[in-house]
Amino acid sequence: MPTKTAAKPRPKPRAKPNKPAPRLDRPWAGQRWAFFGEFAVWPAYHGTSPEGVAARRGALVTDVLDERLACVVFGDHRGTGRSEARKKAGKLGLKILDEAAYRELVRIDLTGKRFAFAGGFDCSPAGLDDGLLAKMVTAAGGEVTTDIDGKLDYLVIGNRRGEKKIANINKMKKLIEAGATTAMIEEEAFLDLVRLDRPASAGGELDFAGFISQLYGHVDKAKLGRALDMLRKDRFQLYTKLDGEHLVGVVRSQSGSGNVYASWLSSEGHYGCAQPDLEDCMGLQGTTCKHLMVLVVGLARTGQIALPQALHWMQAASGKGPRKNNQLCAETFIQYKGAEAGEVDWRPTETIPEDFYAV
């Protein structure tokens, strides 16, 4: 009688491997992200595009809109398929980020980082004395020091000459050669680095220092620096009219010539600045001039225009050239002359230098 062979034991089922946790340097590994529209502002310190940052974090960047997407990002400017993509993303219930929210999401964490400054700055002609540079750093979570040593995270080099500028730069270079990991960055890169883009949905509150910090991303930095310098040095009586569509006002020159300018800005980002003969202000040169910036910043500081509104209108003007509006400017000059003569009740908003010493 044949003997029975023992049944071979069944192999135990293999345990399914655990899904590896995302690496710290690739937190979006396995996620699909889509981007539509051009960014109006993108910090140069990233060294790559918004899509490139997502890919660097491990995401698969695609232009296919479906339920598999982790997030859809929309730039402020137009781009191929942007409008249709926004509608479809809303119907699919996908997570959507605007440009400001995405910039904030991928911003370098500056908590506890130490900053020192070398030279003079277009964005803050008074240097550290007026407090603007320090407030930009502290608002971003960093710390300011005057010590040039190997513990620094950033040495910021201003565009202008300044006391000990070259000596401090050379000292830092030697410390870096000796092993310090300090990054030496130019003024424009610094403004990109500390700029905060807290979306309203995240509960971010915009104060005046934050307003100025963000404004630097959308205007000519040297012109804004000169406008702030004007406001710090002298009182201005700003004759203005503001409604939901337009801001127009009269700003006098600081040169002592007695010249006045009618500057205007619309909610859509159209703008201009004219002299009494209706010729364009020479300071326009393709971007908003310092007179318009004095008007906007002066009203923002005195609370005559809401900070988010002022920022939004100036953002809308970014990338646009000036326009003529002779009728608006002529009517504004006529009303201004009537106010000066006491024939028209048009009361100005007055700015005082002390309000701009330490923003």
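Bear in mind these aren't lab numbers, they're just calculated from the coordinates by the rules spelled out. Just so it is clear, the model here is predicted, and its values are computed rather than measured. Quick reminder, even Gly has a Cβ in these numbers, built from the backbone with ideal geometry, and neighbours come from all protein chains shown.
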Q) Is the range 84-223 rounded, prolate or oblate when judged by the Cα gyration tensor, a ≥ b ≥ c being the square roots of its eigenvalues, rounded requiring a/c under 1.5 and prolate requiring a/b larger than b/c? A) prolate
Q) Given q = 0.18, 0.21, 0.23, 0.27 Å⁻¹, what are the Debye log10 I(q)/I(0) values for the range 114-194, with equal point scatterers placed on the Cα positions and solvent ignored? A) -0.67, -0.92, -1.11, -1.48
**Q.** Cα centroid separation - the range 225-277 against the range 30-48, whole Å
**A.** 35 Å
Q | For peptides 146-153, 134-141, sequence by mean Cβ density within 10 Å, most packed first | A | 134-141, 146-153
Q | Hull volume in cubic angstrom per residue (convex hull over the Cα atoms of the range 32-105) | A | 80 Å³
Q.
Angle check, please: helix 326-340 long axis (alpha carbons) against the longest principal axis of the chain (alpha carbons), in degrees 0 to 90, nearest 10.
A. 50 degrees
Q) Once the dipole of the range 208-356 is set up with Lys and Arg at +1 and Asp and Glu at -1 on Cβ about the Cα centre, which of Gln214, Trp264, Val251 lies farthest towards its positive end? A) Gln214
Q. About its Cα centre, what dipole magnitude does the chain give when the only charges are +1 on Lys and Arg Cβ and -1 on Asp and Glu Cβ, stated in debye to the nearest 20?
A. 2840 debye
(Q) Take Lys165 and Ala178, extend 7 Å from each Cα along the Cα→Cβ direction, and tell me the distance between the two endpoints in nm. (A) 2.5 nm
**Q.** Kirkwood estimate for the range 208-356, i.e. one over the average of 1/r between Cα atoms, Å
**A.** 15.1 Å
Q. If we count every other residue with Cβ under 13 angstrom of Val297's Cβ, Lys/Arg +1 and Asp/Glu -1, where does the sum land?
A. +3
Q: With springs connecting C-alpha atoms under 10 Å apart, model the chain as a Gaussian network and identify which of Leu284, Leu206, Leu60 has the largest mean-square fluctuation.
A: Leu60
Q. Got a sec to turn the phi values of the range 230-247 into Karplus ³J(HN,Hα) couplings, 6.51 cos²θ - 1.76 cosθ + 1.60 with θ = phi - 60°, whole Hz, x for Gly and Pro?
A. 4, 5, 7, 8, 8, 7, 10, 9, 9, 8, 9, 10, 9, 9, x, 10, 9, 10
Q | Net charge, Glu177 excluded, C-beta distance under 15 Å - Lys, Arg +1, Asp, Glu -1 | A | +2
Q) Among Trp33, Trp346, Trp42, which comes first, then next, by fewest other beta-carbon atoms within 10 Å? A) Trp346, Trp42, Trp33
Q) Which is farthest toward the positive dipole end of the chain among Gly37, Ile96, Asn326, measuring Cα position about the Cα centre, with Cβ charges +1 (Lys, Arg) and -1 (Asp, Glu)? A) Ile96
Q. Which ³J(HN,Hα) values in Hz, rounded to whole numbers, follow from the phi angles of the range 181-195 under the Karplus curve 6.51 cos²θ - 1.76 cosθ + 1.60, where θ = phi - 60° and Gly and Pro get x?
A. 9, 4, 9, 9, 10, 7, 4, 5, 5, 4, 4, 5, 5, 8, 5
Q. So, counting K/R as plus one and D/E as minus one, what does the shell of residues with Cβ under 10 Å around Glu188 add up to?
A. -3
Q: Kindly write out, for the range 161-167 in residue order, the coupling ³J(HN,Hα) from the Karplus curve 6.51 cos²θ - 1.76 cosθ + 1.60 (θ = phi - 60°), rounded to whole Hz, with x marking Gly and Pro.
A: 5, x, 4, 6, 4, 5, 4
Q: For helix 290-301, report the angle its Cα long axis makes with the longest principal axis of the Cα atoms of the chain; keep it between 0 and 90° and round to the nearest 10°.
A: 70 degrees
Q | the range 277-341: C-alpha pair distances exceeding 18 Å, % | A | 50 percent
**Q.** Label-point separation in nm, Gln237 to Thr302, each point 7 Å along Cα→Cβ
**A.** 1.1 nm
(Q) Report the per residue volume, in Å³, of the convex hull enclosing the C-alpha atoms of the chain. (A) 202 Å³
Q. Given H placed on each backbone N at 1.01 Å, which residues far from Ala183 in sequence or on other chains put an amide H within less than 5 Å of it?
A. Tyr154, Leu155
Q: Measure nothing fancy, just the Cα-based angle from helix 307-317's long axis to the longest principal axis of the chain, in degrees from 0 to 90, nearest 10.
A: 90 degrees
